[in-house]
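Remarks on the structure that follows.
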Amino acid sequence: MKTNIQIIQEVVDYIDSHLEDRLDAESISRQAGYSRYHLSRMFTSITGLSLHTYIQRRRLTEAARQLVFTDRPVMDIALSAGYGSQQAFTVGFRALFRTTPRAFRKKGDFHPLQLKFTADGTDALRGDRIMDIRTMESGPIYLAGYKKNTRLGFFVIGQCWRRLHAAKHTIPNRKDPDFLVGLNDYTKWDADADRQPAFDYYAASEQTQPGRLPPGMEAKELPAGKYVIFRFRARSTDSLQPVADYIYKTWFPQSTCRLNGHAPYDFARYGEEMDADGKSLIEYWLPII
C-alpha cells in the first residue's frame, strides 16, 4: 500500500516525463487512482502549489532552458510547452520571467524558476517552494545593527536579533522599516574553528545613508553590484539552511549565474508584516557577476 507522499511523488515524476504531452487534472487523477478533487487538494497541501500552477511553472522553466541552450524555433518550444500559439506562449512566459522569449534567448541567462519538486512529507522551509527569482543591479547598501562571530555557536545570531528588535527604532535614516536584514559575512570565514564554522553575522536595518549610531551598534557597507534574489514566504524563525542548500547545491549548477568571488557574503531581507500563518516575505540575496 502506497502512502500519499509516494503517490504525489509519482505524480511529480509522471508530470516531468510528460511535460511535452497533454497534461490535465483529469488524466493525472486517473493515473494516480484518485478523484480530481482529492488529488488537487493533496497536491497543493504537499507542494504548496496547485497542480495547474506547478505544471505551468515546470513547462515554462524547461522552455526557458531550451531557449538558452538550443536553437529550436520559438514556436516549436511554445507547442512543446502546451501553448497553442506563440502569442499565448509569450504572454505566459512574460508573466513568469518578465521578458519575452526572444529577449530571454538573446540575453542568454538561464535562471530556473521551478525545478522538479521532491515530495518528502516535511512541511519545513524548502528551496523548491521558492516563489520568484530575479536579478538586479544595486547601488551601495548601508546597514546598521549588531554583529557577532559564530565561533562560539549559532546562538549568537539570536542574541543579535533580540538586541536589534529592542533598538531598531533608534537607527537613523532607515530605508525600509518593513524589512530587516540578516547578513552572513564570510570575509574572515574559518571552516575549522573548533568544529564550529566561524563567520561574522549582522542583524541589521538598511539605511538610506550612514548616520551616527547608538552605542554598541556597528555599520556595514556593501558595495554596488549585481544580485540574484530568491523570494518566498516563511516564518522568520525558520532556518534558511534548506533554502541555501537548494540554491547552492541544486539551483546554481543548473543556472548560468556565476557567484561574485570578490563579494564573500549573502543576506536575507525579512519582511516585518506577517500573514495569518505567521509567515512573511523573505528575500535571499546572493552577489553574482
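Restricted to the stretch 45-58, and to residues that are surrounded by 15 or more Cβ atoms within 10 Å (Cβ to Cβ) and not charged (D, E, K, R), which residue is farthest from residue 1 (Cα to Cα)?
Looking at residues that are surrounded by 15 or more Cβ atoms within 10 Å (Cβ to Cβ) and not charged (D, E, K, R), I get 56.
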Quiz item: Which residues, counting only those in the stretch 243-270, are in contact with a helix residue (DSSP H, G or I) (Cβ under 6 Å, 6 or more places away or on another chain) and not hydrophobic (A, V, I, L, M, F, W, C)?
Solution: 246
Practice problem: Output the qualifying pairs, or none if there are none: Cβ atoms under 6 angstrom, residues six or more apart or on different chains, first residue in the stretch 161-177 and among the aliphatic types (A, V, I, L, M), second residue outside any helix (DSSP H, G or I) and surrounded by 16 or more Cβ atoms within 10 Å (Cβ to Cβ). | Solution: 164/145; 164/146; 164/203; 171/144; 171/205
Quiz item: Can you name the number of the only condition in (1) surrounded by fewer than 15 Cβ atoms within 10 Å (Cβ to Cβ); (2) over 18 Å from residue 235 (Cα atoms); (3) over 25 Å from the mean Cα position of the chain (by Cα) that residue 176 fails?
Solution: (3)
Quiz item: Of the residues that sit in the stretch 1-30 and are exposed (fewer than 14 other Cβ atoms within 10 Å of the Cβ) and more than 23 Å from residue 78 (Cα to Cα), which one is nearest to the chain's Cα centre (by Cα)?
Solution: 6
Quiz item: Which one of these is surrounded by fewer than 16 Cβ atoms within 10 Å (Cβ to Cβ) and of a type outside the set (A, V, I, L, M, F, W, C): 218, 206?
Solution: 218
Quiz item: What number of residues within the stretch 84-104 are crowded, with 19+ Cβ neighbours inside 10 Å and farther than 19 Å from residue 54 by Cβ?
Solution: 2
Practice problem: Would you confirm whether any residue within the stretch 71-82 is touching a residue at least 60 places away in the same chain (Cβ under 8 Å) and of a type outside the set (A, V, I, L, M, F, W, C)? | Solution: yes
Practice problem: Starting from the stretch 211-226, keep only residues that are under 18 Å from residue 140 (Cα atoms) and assigned by TED's automatic domain parsing to the domain that holds residue 159, then list their pairs with residues that are among the charged types (D, E, K, R) and surrounded by 16 or more Cβ atoms within 10 Å (Cβ to Cβ) whose Cβ atoms are within a distance under 6 Å, requiring at least 6 positions of separation or different chains. | Solution: 218/147
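Taking the options 88, 64, name whichever one is modelled with pLDDT of 90 or more, farther than 17 Å from residue 114 by Cβ and either of a type in the set (Val, Ile, Thr) or outside the structural domain of residue 231 (by TED's automatic domain parsing) (or both).
88
The values are calculated or read from the model by the stated rules, or taken from the named source; none is laboratory data. As the structure is a prediction and not an experimental result, all values here were calculated from the model. Neighbour counts run over all protein chains shown; Cβ positions are idealised from the backbone, glycine included.
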